[in-house]
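Notes follow the structure.
The values are calculated or read from the model by the stated rules, or taken from the named source; none is laboratory data. This structure is a prediction, so every number in the text was calculated from the model and none was measured. No Cβ is skipped: glycine too gets one built from the backbone with ideal geometry, and neighbour counts run over all protein chains shown. Side chains included, ligands, DNA and RNA excluded: accessible areas come from the protein's heavy atoms. Shrake-Rupley method; radii C 1.70, N 1.55, O 1.52, S 1.80 Å.
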Amino acid sequence: MSGLVDALVIVAVIALVIVRQFRASRIDTGRRWWLLPGVLAVLALREPDLLDARHPVTAALVLGAEVTVGLATGAAWAWTTRVWVEPDGAVRSRSTGASVAVWAVGIGLRLGLYALGTVLGVHQDSSAVMLALAATLLVRSGVLIRRTRSLHPAPVPAAAYGAAVPRSAWKERV
């Protein structure tokens with residue numbers, strides 16, 4: 001994939017994530033929470049220029065630091081996200097102001113790593129950013145799923161006295 005297509009995919013995913021994080025959204029605890037991070041990781045790992053051939057050790061260290069920052073950002077983002085259970089049992093989440101600070105610190109650290117790599121003469125491809133973004137989203141989703149399992153749904157209030165009882169709840173005469 002070309003650098004332009006990689007950049008467009010990264011910008012589209014980040015825009016989608018940022019827009020969605022500040023709206024209350026339902027957490028899908030199904031089996032596909034890892035799908036988007038998995039696709040991003042596969043796209044990043046299949047790129048031949050993931051590591052600079054001239055400086056493989058330094059490039060691997062910078063990439064490792066980038067992925068580590070992504071993992072830490074994802075975990076911090078998940079822990080600064082508000083999670084609650086609706087009366088109908090649906091689990092919802094919404095990012096907070098602290099989540100914005102986590103994103104700002106994460107982006108600052110990534111820019112610092114990019115600058116460090118440039119100073120060290122390491123060619124950095126967009127696939128490294130895509131791999132770090134995949135790590136961020138994977139850890140965030142995993143931590144949120146784990147947090148939702150510890151929540152207990154709010155009890156549904158019983159019908160008030162005199163309220164209509166559904167026909168299916170009536171006792172049938174035998």
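Counting only protein heavy atoms and a 1.4 Å probe, the chain has 63 square angstrom of accessible area per residue.
Just one of (i) 14.5; (ii) 11.4; (iii) 9.3 is mean projected area of the Cα convex hull in nm² calculated from these coordinates, so which is it? Identified label for the calculated read-out: (i).
Which helices of the chain meet both criteria: a Cα extent of 18 Å or more along the helical axis and a mean Kyte-Doolittle score no lower than 1.0, with helices taken as whole DSSP H segments? The partial results should precede the final answer.
Working: long enough: 3-21 (27 Å, 2.29); 56-79 (34 Å, 1.28); 97-119 (33 Å, 1.46); 126-149 (35 Å, 0.96).
Flagged H segments are 3-21, 56-79, 97-119.
Per-residue extension of 0.36 nm, minus the Cα-Cα distance of Val5 and Ala24, leaves a gain of 3.8 nm for this segment. Computed on region 58-156, with alpha-carbon pairs under 8 angstrom and 6+ residues apart, the relative contact order is 47 percent. Farthest toward the positive end of the dipole of region 1-131, out of Val105, Ser95, Ala12, is the Cα of Ser95, where the dipole comes from beta carbon charges about the Cα centre.
For the chain, give the percent of accessible area contributed by carbon and sulfur heavy atoms, probe 1.4 Å, rounded to a whole number. Could you put the intermediate results ahead of the total?
Working: 7310 of 11010 Å².
Its accessible area is 66 percent carbon and sulfur atoms.
Built from the Cα atoms of region 69-128, the convex hull projects on average onto 5.1 nm², one quarter of its surface area.
Over the chain, Cα pairs under 8 Å with separation of 6+ residues give a relative contact order of 35 percent. When only the Cβ of Lys, Arg, Asp and Glu is charged (+1, +1, -1, -1), the dipole of the chain relative to its Cα centre reaches about 1000 debye.
Using a 10 angstrom Cβ neighbour count of at most 10 plus a DSSP loop assignment to flag exposed chymotrypsin sites (Phe, Trp or Tyr not before Pro), which longest range of the chain is free of such sites? The longest uninterrupted stretch comes out as 1-160.
Since only Trp84, Ala44, Ser127 are under comparison, the one whose Cα sits farthest along the positive direction of the charge dipole of region 1-153, derived from C-beta charges on Lys, Arg, Asp and Glu, is Trp84.
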